[in-house]
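Reading through the structure tokens given below for one structure.
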Amino acid sequence: MALEITGKIIQIMNETSGQSKTGNNWTKQEFVIETADKFPKKVMMSVMGDKVQELKKFKTGDEIKASLNIESREYNSRWYTDIRAWKIEGNGSQSSSGSDNNFYADADPSFTPDSASDDLPF
């Protein structure tokens, strides 16, 4: 089951780490995105291990597309649901991708910003 969600990062929580029962070290970081639907939804998800470094490429306000897994588990007769992102991609409009490099991309093709021959009087 391949699930994807697209939205803007609205909060990134602090990284947490620990050690499992078997002695392995682990790191986890949670973040919240808001979808751009007619009725926007806020979704909290997490990344673990080396994916924490992948999340650090983004900041609050960046648009992302996350591929994720949803899993529920029972503990003491209560159910807990975990949404874990296994892949995070920029959605083309985040500032960390360098999308501002071509500021004049949508401008009139005959216009060049350093043109010496313009018809402005000043």
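Taking the criterion of being part of a strand (DSSP E or B) and among the polar types (S, T, N, Q), the residues of the stretch 52-81 that qualify are Ser67, Asn69, Ser72, Thr81. When Glu4, Glu63 are checked against the criterion of being of a type in the set (Asp, Glu), within 14 Å of the chain's Cα centre (by Cα) and at pLDDT below 95, Glu4 stands alone in meeting it. State which residue is surrounded by the most Cβ atoms within 10 Å (Cβ to Cβ) when the search covers only the stretch 33-60 and only residues that are within 10 Å of the chain's Cα centre (by Cα) and within 13 Å of Asn14 (Cβ to Cβ). Within the stretch 33-60, the match that is surrounded by the most Cβ atoms within 10 Å (Cβ to Cβ) is Leu55. Residues in the stretch 28-39 that are at pLDDT 95 or above and β-branched (Val, Ile, Thr): Val32, Ile33. Tallying residues that are assigned to a loop (DSSP other than H, G, I, E, B) and more than 19 Å from Leu3 (Cβ to Cβ) within the stretch 22-38 yields 4.
The values are calculated or read from the model by the stated rules, or taken from the named source; none is laboratory data. In this text the structure is predicted, and so the values were computed from the model without any measurement. As a convention, Cβ positions derive from the backbone with ideal geometry for all residues, glycine included, and neighbour counts pool all protein chains shown.
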